[in-house]
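Structure record follows, encoded as structure tokens.
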Amino acid sequence: MVKFFVPAADDAAHAETLYEAVTKFNGLAPAGPRLHSLRFKHGGLAVHAEVGAPLPGAFGTEHQPVMAILADGERYRLCLPTRGGLWGQAILVPKDQVEEARAFD
């Protein structure tokens, strides 16, 4: 398992502040499990999203790290700097397409 972090955070307190800001930006409360990775199907292909790592090019987000993975009812939100992190709409992943969700420690 991996200890909770947010890319670009200077320390644990800064990571908490950034995580709360991302959840608030997405209209959610910073409650529930803090997710480290998600394995899901997208267009029939297997995708692995992990906090701190970039998503595959199919999402048009090359070189952007996943900032947070948020659970939101029947879907997950993948938050990257330009997609639900600092601005824009998060990438939405329906829970029925998810094969595995792993939480931080």
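The values are calculated or read from the model by the stated rules, or taken from the named source; none is laboratory data. This is a predicted model, so every value here is computed, not measured. Using ideal geometry, Cβ is built from the backbone for each residue, glycine included, and neighbour counts are taken over all protein chains shown.
Consider region 89-105 and keep the residues that are part of a loop (DSSP other than H, G, I, E, B) and either surrounded by 14 or more Cβ atoms within 10 Å (Cβ to Cβ) or touching a residue at least 12 places away in the same chain (Cβ under 8 Å) (or both). The one that is farthest from the chain's Cα centre (by Cα) is D105. Exactly one residue out of F4, F59 is within 22 Å of V98 (Cβ to Cβ), in contact with a helix residue (DSSP H, G or I) (Cβ under 7 Å, 6 or more places away or on another chain) and not β-branched (V, I, T), and it is F4. The condition of being modelled with pLDDT of 90 or more and within 15 Å of Y19 (Cβ to Cβ) holds for only one of F40, F104, that being F104. Scanning region 65-80 for residues that are in a loop (DSSP other than H, G, I, E, B) and surrounded by fewer than 17 Cβ atoms within 10 Å (Cβ to Cβ) yields a total of 2.
Just so you know, in region 1-45 the residues that are in contact with an Asp or Glu (Cβ under 7 Å, 6 or more places away or on another chain), closer than 16 Å to V66 by Cα and not hydrophobic (A, V, I, L, M, F, W, C) include one that is surrounded by the most Cβ atoms within 10 Å (Cβ to Cβ), and it is H36.
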